[in-house]
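Working notes, beginning with the structure itself.
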Amino acid sequence: MDAQRSAEGKARADADAAGNVAGNAAAGAAGRHRRSEATRAAILEAARDRFAADGYERATIRAIARDAGIDPSMVMRYYGNKEGLFAAASEIDLRLPDLSGTPREEAGARLVRHFLDRWEGDETLNALVRVSVTNAAGGERLRAVFRDQVAPVVAAVCPDPSQAPTRAALLASQVLGMALTRYVLKLPPAAALGHEEIVAWLAPSVQRYLTAEQP
């Protein structure tokens, strides 16, 4: 009986020890994951600031790593090279509204308001506009955003879906033009306009690009 109890006690001790090892391993993995995510976030934040300030060509991995407080090799480990880092740092979801349920005559105003909220609430988007003006990679990234995210929204409401790319480009001329003058160049008249003033000026043109049967 004593031998049996001794064996059972040993088995429980072994099980507890194994559980502790597994628990410690899981905790260690979770801790490493949190540190990895924190490092990635620090790199991306530093990259966005640096790309916005210096442009794509002049921004360096070394400068971005210094801003993030890490070794440059860590940037290369996570993103491979500057091109990969820029792609990750400029990844943007415009979170565009579904206009198919919006009253037809209100679609333009709703879209302009949405873009104003996004420009003012997402420094990444503003940084991408700055970089796209002077850099081919930035320009291609912004074109992809409008091609993949804006054109489908336009196609859902315009009279002829085959015209969606053209109409999306015309829409872009309005919202990107305002973004450039208001948030990048900060031209005083554009920067001083209130939201509803901007909506009043831009919405009729955007509405026409969205729903007009013809030019």
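The values are calculated or read from the model by the stated rules, or taken from the named source; none is laboratory data. Because the structure is predicted, anything quoted here is derived from the model rather than measured. Don't worry about glycine lacking a Cβ; one is built from the backbone with ideal geometry, like all the others, and counts go over all protein chains shown. Accessible surface is based on the protein model in full, side chains and every heavy atom, while ligands, DNA and RNA are left aside. Shrake-Rupley method; radii C 1.70, N 1.55, O 1.52, S 1.80 Å.
General observations
- Any hit, the range 71-94, residues being closer than 19 Å to ARG167 by Cα, part of a helix (DSSP H, G or I), open to solvent by less than 80 Å² (accessible area, probe 1.4 Å) and touching a helix residue (DSSP H, G or I) at 6+ places or on another chain (Cβ under 7 Å): no
- You will find that of LEU125, LEU99, the residue that is of a type in the set (A, V, I, L, M, F, W, C), at pLDDT 85 or above and on the phi < 0 side of the Ramachandran plot is LEU99 and no other.
- In the range 102-122, the residues that are farther than 24 Å from LEU210 by Cα and either part of a helix (DSSP H, G or I) or at pLDDT 90 or above (or both): GLY121
- Lone unmet requirement of (1) open to solvent by 70 Å² or more (accessible area, probe 1.4 Å); (2) within 27 Å of GLU91 (Cα to Cα); (3) more than 15 Å from the chain's Cα centre (by Cα) for GLU123: (3)
- Matching residues in the range 147-160 - criterion: being in contact (Cβ under 8 Å) with a residue 40 or more places away in the chain and either open to solvent by less than 30 Å² (accessible area, probe 1.4 Å) or assigned to a helix (DSSP H, G or I) (or both): GLN149, VAL150, VAL153, VAL154, VAL157, CYS158
- Residues in the range 134-146 that are assigned to a helix (DSSP H, G or I) and either acidic (Asp, Glu) or in contact with a helix residue (DSSP H, G or I) (Cβ under 7 Å, 6 or more places away or on another chain) (or both): 8 in all.
- The one condition in (1) open to solvent by less than 60 Å² (accessible area, probe 1.4 Å); (2) in contact (Cβ under 8 Å) with a residue 60 or more places away in the chain; (3) farther than 20 Å from ASP98 by Cα; (4) within 18 Å of the chain's Cα centre (by Cα) that VAL129 fails to fulfil: (2)
- All of ARG62, ARG48 fail the test of being among the charged types (D, E, K, R), part of a helix (DSSP H, G or I) and surrounded by 13 or more Cβ atoms within 10 Å (Cβ to Cβ), apart from ARG48.
- The set of residues in the range 105-119 that are free of Cβ contacts under 8 Å to residues at least 24 places away in the same chain and open to solvent by 70 Å² or more (accessible area, probe 1.4 Å) comprises GLU106, ARG110, ASP117.
- Among the residues of the range 179-208, those that are without any contact (Cβ under 8 Å) to a residue 60 or more places away in the chain and either part of a helix (DSSP H, G or I) or of a type in the set (S, T, N, Q) (or both) comprise LEU180, THR181, VAL184, PRO188, PRO189, ALA190, ALA191, ALA192, GLU196, GLU197, ALA200, TRP201.
- Test: residue in the range 169-186 that is touching a helix residue (DSSP H, G or I) at 6+ places or on another chain (Cβ under 6 Å), aromatic (Phe, Trp, Tyr), buried (at least 16 other Cβ atoms within 10 Å of the Cβ) and farther than 23 Å from ASP54 by Cβ: no
Each row is one residue, and each column tells you yes or no for (1) aliphatic (A, V, I, L, M); (2) more than 19 Å from the chain's Cα centre (by Cα).
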| site | (1), (2) |
| --- | --- |
| ALA109 | yes, yes |
| GLU140 | no, no |
| VAL154 | yes, yes |
| ARG167 | no, yes |
| LEU171 | yes, yes |
| THR181 | no, yes |
